[in-house]
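Asks: One structure, pasted below without further comment.
Taken together, the values in this text are just the output of simple stated rules run on the coordinates, not laboratory data. All values derive from a computational prediction rather than experimental measurement. Don't worry about glycine lacking a Cβ; one is built from the backbone with ideal geometry, like all the others, and counts go over all protein chains shown.
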Amino acid sequence: MTDIKTEAGAEPIVRMEKVNKFFGSLHVLQDIELSVSHGEVVVVIGASGSGKSTLIRCINGLEEFQHGHIDVDGNELLPNGKSSKSLQTIRTEVGMVFQQFNLFPHLSVRDNVTLAPIKVRGLSEKQASDSANRLLEQVNIADQADKLPGQLSGGQQQRVALARALAMEPRLMLFDEPTSALDPEMIGEVLDAMRELADAGMTMMIVTHEMGFAREVADRVIYIHKGQIVEQGKPEAVFDNPQNERTKSFLGRVLKH
Amino acid sequence: MDVTFQFDWQAAISSIPYLLTGIPYTLLISFGGLAIGFLIGILFGLLRISPTVWLRIPAITYIEIFRGTPVLVQVLFIFYGLPQIIGGPVNALVAGIAAIAVNSGAYISEIVRGGVQSIERGQREASLSLGLSRTQSFRYVIWPQAFRRMIPSLGNQGIISIKDTSLFSVIGVGELVRQGQIYIATTFSALEVYLMVAMLYLAITLSLSLALRLLERKGLVGQ
């Protein structure tokens, strides 16, 4: 078996080197070494409190770290919130989808999607609105464009959040437990939209508890335990033949049901 | 026991034209003071939550001083005390507006702080992660939501400040209460005139309440 995406020697889009983070005396990230190639889909799994959300939140500067550095598409994030270019520049290239959707409740669905392209990218209302319509179509929610987020179901809101992030044409998408706040019957529609995005070649880092989805879409699965990357590899390898005792026990707990 | 009292409707009604001459002053002091107080409130409310301690300290000092002293003392200080420092008289109307401004400004600072802090962290994170600057995030995402939540408290403060202007009769500015006192001095119809004065305050505050309720109903869509 070959994996073109990860083994072609492509220039990585994310490179984390010796990243360490503390919350007070708690060592939440320990010597994280990780690179992600263009087009790669990386799924991060681990117990709650293992640091997996913190890990991806470091990549767009929502969390500061104390040691090491992170290279994101040629821009460098440095310890204690410093960076080679402004954080804003880095964030325009990195989209993020949150567990709680975090849509802007005072703006219509369309305005949620067009706000950043207009204010940050300088698009005209017309351009932004056209591209919003296209993206909302893509996530199957074009008919709700004039509603307020509060009028939508959780699954619909999360798909809007995905369209909103994509409107900035990011080169990398981060997903922080995108389905954890959803009712079970709505998880599928969000995963479908993410699957399409992965198929289209988007580089994605996904923190999730959806193991079936991880197995299906991931090029690589990373298991984090107490702030350390304990095991990583292709989904079949990690899920079917985990090497580390901690991975085995974690998977034993989550795959049982 | 023989209590007889006569409510003199004639006296009540004939006082109204004279009392109405006080309304422009009451409104000017209230809304002029509140408008400035709102600007002060935004400025100090935001300084109050600044991450920089040297910006927080002046804000906290201002808020504690002007919230912790009576508005009557503040206006007396401005009208009688300040002239000794600046070497010239202070206009009574200006003193009244200034007193409402600094007093309501302190309360509104706290309203602004509470409103902004009530917006979930995720809103800021989502807007920043889209590449918005901190200023843009505040202007387009945080503030519009915070302001809607602030409307009931702002209305409350408006009503309190309108009523506070009645204290300014002591510095001789011709607002509602002052005009009432002058009228009573010649007619001795205290019962009727003060009742009319009360009714006029009620008319102003009820109008404000009503306007705010309409605004709130519009503003609360999407919360």
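Asks: Between the helical axis of B:9-20 and the dominant principal axis of chain B, each derived from Cα atoms, what acute angle in degrees is found, rounded to the nearest 10?
Replies: Helix B:9-20 sits roughly 50 degrees off the main axis of chain B.
Asks: Cut-off 15 Å, label point 7 angstrom out along Cα-to-Cβ of B:L215: give me the residues of the range B:111-127 whose amide nitrogen falls inside.
Replies: It comes to B:111-112, nothing else.
Asks: Residues with beta-carbon under 13 Å from that of B:I151, excluding B:I151: net charge, scoring Lys, Arg +1 and Asp, Glu -1?
Replies: Net charge in that neighbourhood comes out at +4.
Asks: Moving on to the next point. How many angstrom separate the Cα center of the range A:12-79 from the Cα center of the range A:81-123?
Replies: 20 Å
Asks: Could you run the Karplus curve 6.51 cos²θ - 1.76 cosθ + 1.60 with θ = phi - 60° over the range A:23-31 and give me ³J(HN,Hα) per residue in whole Hz, x for Gly and Pro?
Replies: The phi angles translate into 9, x, 8, 7, 8, 7, 10, 10, 6 Hz.
Asks: Sticking with this one: Once phi is turned into θ = phi - 60°, what whole-Hz ³J(HN,Hα) does the Karplus curve with 6.51, -1.76 and 1.60 give for every residue of the range B:87-95, x standing for Gly and Pro?
Replies: x, x, x, 10, 4, 4, 5, 4, 4
Asks: Is there a pair in A:K126/A:K147; A:K21/A:K82; A:K21/A:K85; A:K18/A:K119; A:K147/B:K218 whose C-alpha atoms are over 26 Å apart, and which pairs would that be?
Replies: A:K18/A:K119
Asks: Could you tell me how many degrees, from 0 to 90 and to the nearest 10, lie between the Cα long axis of helix A:125-138 and the main elongation axis, the longest principal axis, of the Cα atoms of chain A?
Replies: 60 degrees
Asks: Highest mean first, how do A:89-96, B:55-62, A:223-230 rank when packing is the count of other Cβ atoms within 10 Å averaged over residues?
Replies: A:89-96, A:223-230, B:55-62
Asks: So what is the calculated 222 nm ellipticity per residue for the protein assembly as shown, using -39500 (n - 2.57) for each DSSP H run with n of 4 or more, over all residues, to the nearest 500 deg cm²/dmol?
Replies: Mean residue ellipticity at 222 nm (helix-derived): -17000 deg cm²/dmol.
Asks: Each residue of the range B:181-190 in order: what ³J(HN,Hα) in whole Hz does its phi give by Karplus 6.51 cos²θ - 1.76 cosθ + 1.60, θ = phi - 60°, with x for Gly and Pro?
Replies: 4, 5, 5, 5, 4, 9, 10, 6, 9, 4
Asks: Would you mind ranking A:L182, B:L72 so that the residue whose beta carbon has the fewest other beta carbons within 10 Å leads the list?
Replies: So the ranking, lowest neighbour count to highest, is B:L72, A:L182.
Asks: Related question: So how do A:M168, A:M204 line up by other beta-carbon neighbours within 10 Å, fewest first?
Replies: Lowest to highest Cβ neighbour count: A:M168, A:M204.
Asks: Count the DSSP beta bridges whose two residues both fall in the range A:124-257, then state the antiparallel fraction as a percent rounded to the nearest 5.
Replies: 55 percent
Asks: Report, as an integer, the average count of C-beta atoms from other chains found within 10 Å of each Cβ along B:130-139.
Replies: Shielding by partners across B:130-139 averages 6.
Asks: Also: Compare A:S131, A:S84, A:S53 in a GNM of chain A, Cα atoms joined below 10 Å, and give the one with the largest fluctuation.
Replies: A:S84
Asks: Which whole number gives the average, over all residues in B:141-152, of C-beta atoms from other chains lying within 10 Å of the residue C-beta?
Replies: 2
Asks: Of all beta bridges DSSP finds with both residues in the range A:62-206, what is the antiparallel percent, to the nearest 5?
Replies: Approximately 35 percent, going by the DSSP bridge assignments.
Asks: Still on this model: Evaluate peptide B:177-189: per residue, the Cβ atoms of other protein chains within 10 Å of its Cβ; return the mean as an integer.
Replies: 0
Asks: Among the aspartates and glutamates, select those whose C-alpha is under 13 Å from the C-alpha of A:K248, and discard any that sit fewer than 8 residues away in the same chain.
Replies: A:K248 reaches A:E231, A:D240.
Asks: Next up: What's the magnitude of the charge dipole for the range B:1-156 around its Cα centre, counting Lys and Arg as +1 and Asp and Glu as -1 at the beta-carbon? Answer in Debye, nearest 20.
Replies: The dipole magnitude comes to about 860 debye.
Asks: Same structure again: Considering only DSSP beta bridges where both residues belong to chain A, give the percentage that are antiparallel (nearest 5).
Replies: Beta bridges within chain A, antiparallel portion: roughly 60 percent.
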